[in-house]
Amino acid sequence: MDGEVVDPDARDLGDREKGMREPDEVAAMVRLKSLGWGVRRIASELGCSHMTVRRYLAAGGWIAYRPPGRSSVLEGLAGWLADRFRRHRGNADVVRQDLEREHGLRVSLRTIQRAVAPLRRELAAEARATVRFETPPGHQLQVDFGELRIPVEGEAGRVFLFVATLGYSRRLYVRPFRHERQSAWFDGIEGAFRDFGGVTREVLLDNAKPLVLHHDAATREVRFNARFLAFASYWGFRPRACAPFRARTKGKDERGVGYVKRNAIAGHRFGSWAEMEAHLARRVREVADVRAHGTTGEAPGERFARDEAAALRLLDGRPPFRQIRELTRVVGSDGCVELDTNHYSVPWRLIGAGVTVRVSAGEVLISHAGAEVARHAERQGRRGRAVAAEHLEGIVGLTRRPEPATVVPAPPPELLRPLTDYERLLGGAW
């Protein structure tokens, strides 16, 4: 009301309770002060306490208001909270349990949730973010699988789409599989190399179980599957796994998978598997290769032909990795060696010995000390057993039954001679 006397301190407290002055108001304070206005005149003009004006003028401009701090039971544990929150992938209740077990502090779940709220926003932003980075020609191939249900041969079944994207040109290679096992990864990568006509220096992939045994999110230590390392060595590329739970760091291929699922194949029906393969190849050739890419502004096919094709390492006529492989194995207690989860028998006396396994043209050849000891047809399934009966011969309980004795027939009568003939030959009777 008019004539009402307002306590400046109470008014200043009201300013704090209502929040800070807007930055443009503070800028007006500084400008009016530079024109020679007094503090109280500025406060009256802007409708605030002269103490508020003095505080901003002393700071030289707008400053964030910090309410009086309160001591917290979590004081000094910011680093520990951040580490545990990331380690437990945002599970605040597990963080609360760790806090009680390791630090003896019992707090409510709500207390933990308030403390990690900024971290939760950061994790959410990371999950949405796509890291954009450019690689030189021939340097990187990004690979991934996408899964969807597609009507094939009249039945809607799961189809696993392998998608490979060249990092520089963004050229795509797409191939459908009925599963996502290790053999599909190998065949897909090799198919991409052959389609592009060469090998990149590195292959970037997600943390797929058939390829990556362990990837520590904190230390970024990666342990690849031994056979995948052999595959990478065979083709001469360096494998890289993107950060755990951060598949979007593999942004180019994530978009490639999305493009194939939403644009290239969604809504289609196919009379056969071969028809679907032909459709995907045609779609990549006639659409994906010639459209202007949203990032590069060029057609991937043209960019590939101009800059990237010559930068790839030549294949040199090398056969598929799964066609010719040579490995070392130790014979197990069951008299078999393990290969791709399948078991192949050798003579049981080699149990515990090291043998060389060579896979070629659908056959598994096993040798010991340079000599071949077993040969089997390669099994295409999983966890199968190829056991030859002769490899178990001699094991207690498995000994073969003895062959029946062979009866030698008596010579015919005309071949027998009387004893007197032998007596005359020897010069007398016995």
>> Take the conditions of a type in the set (A, V, I, L, M) and within 27 Å of Cys242 (Cβ to Cβ) and apply them to Leu105. Does it pass?
In response: no
>> Can you find, within the stretch 198-253, the residue that is nearest to the chain's Cα centre (by Cα) among those that are among the β-branched types (Val, Ile, Thr) and at pLDDT 85 or above?
In response: Val212
> Applying the selection to the stretch 345-366, what residues are under 23 Å from Pro320 (Cα atoms) and surrounded by fewer than 16 Cβ atoms within 10 Å (Cβ to Cβ)?
Replying inline: Arg358, Ser360, Ala361, Gly362, Glu363
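Does Arg322 qualify as being under 26 Å from the mean Cα position of the chain (by Cα), more than 14 Å from Ala374 (Cα to Cα), assigned to a loop (DSSP other than H, G, I, E, B) and among the basic types (Lys, Arg)?
Answer is yes for this residue.
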> Restricting attention to the stretch 339-383, which residues are assigned to a strand (DSSP E or B), at pLDDT below 95 and aliphatic (A, V, I, L, M)?
Replying inline: Leu339, Val357, Val359, Val364, Leu365, Ala371, Ala377
> Which members of the stretch 200-242 meet the condition of being among the hydroxyl-bearing types (Ser, Thr, Tyr), free of Cβ contacts under 8 Å to residues at least 40 places away in the same chain and surrounded by 12 or more Cβ atoms within 10 Å (Cβ to Cβ)?
Replying inline: Ser233
> Which one of Arg291, Arg283 is at pLDDT below 95 and not in a loop (DSSP other than H, G, I, E, B)?
Replying inline: Arg283
>> Which numbered condition in (1) surrounded by fewer than 16 Cβ atoms within 10 Å (Cβ to Cβ); (2) modelled with pLDDT of 90 or more is the only one that Arg171 fails?
In response: (1)
>> With the requirement that a residue be out of contact with any Asp or Glu (no Cβ under 9 Å at 6 or more places or on another chain), surrounded by 15 or more Cβ atoms within 10 Å (Cβ to Cβ) and part of a loop (DSSP other than H, G, I, E, B), what does the stretch 294-319 give you?
In response: Glu298, Leu312, Leu315, Arg318
> When the stretch 8-39 is examined, which residues are found to be surrounded by 13 or more Cβ atoms within 10 Å (Cβ to Cβ), at pLDDT 85 or above and either hydrophobic (A, V, I, L, M, F, W, C) or over 60 Å from the mean Cα position of the chain (by Cα) (or both)?
Replying inline: Val26, Ala27, Ala28, Met29, Val30, Leu32, Lys33, Trp37, Val39
>> Given the criterion closer than 25 Å to Val257 by Cα and over 26 Å from the mean Cα position of the chain (by Cα), identify the matching residue among Gly271, Gly332.
In response: Gly271
> If we scan the stretch 114-135, do we find a residue that is polar (S, T, N, Q), touching a Ser or Thr at 6+ places or on another chain (Cβ under 9 Å), modelled with pLDDT of 90 or more and surrounded by 11 or more Cβ atoms within 10 Å (Cβ to Cβ)?
Replying inline: no
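The values are calculated or read from the model by the stated rules, or taken from the named source; none is laboratory data. Not measured: the values here are computed from a predicted model. Please note: Cβ atoms are built from the backbone with ideal geometry, for glycine as well, and neighbour counts cover all protein chains shown.
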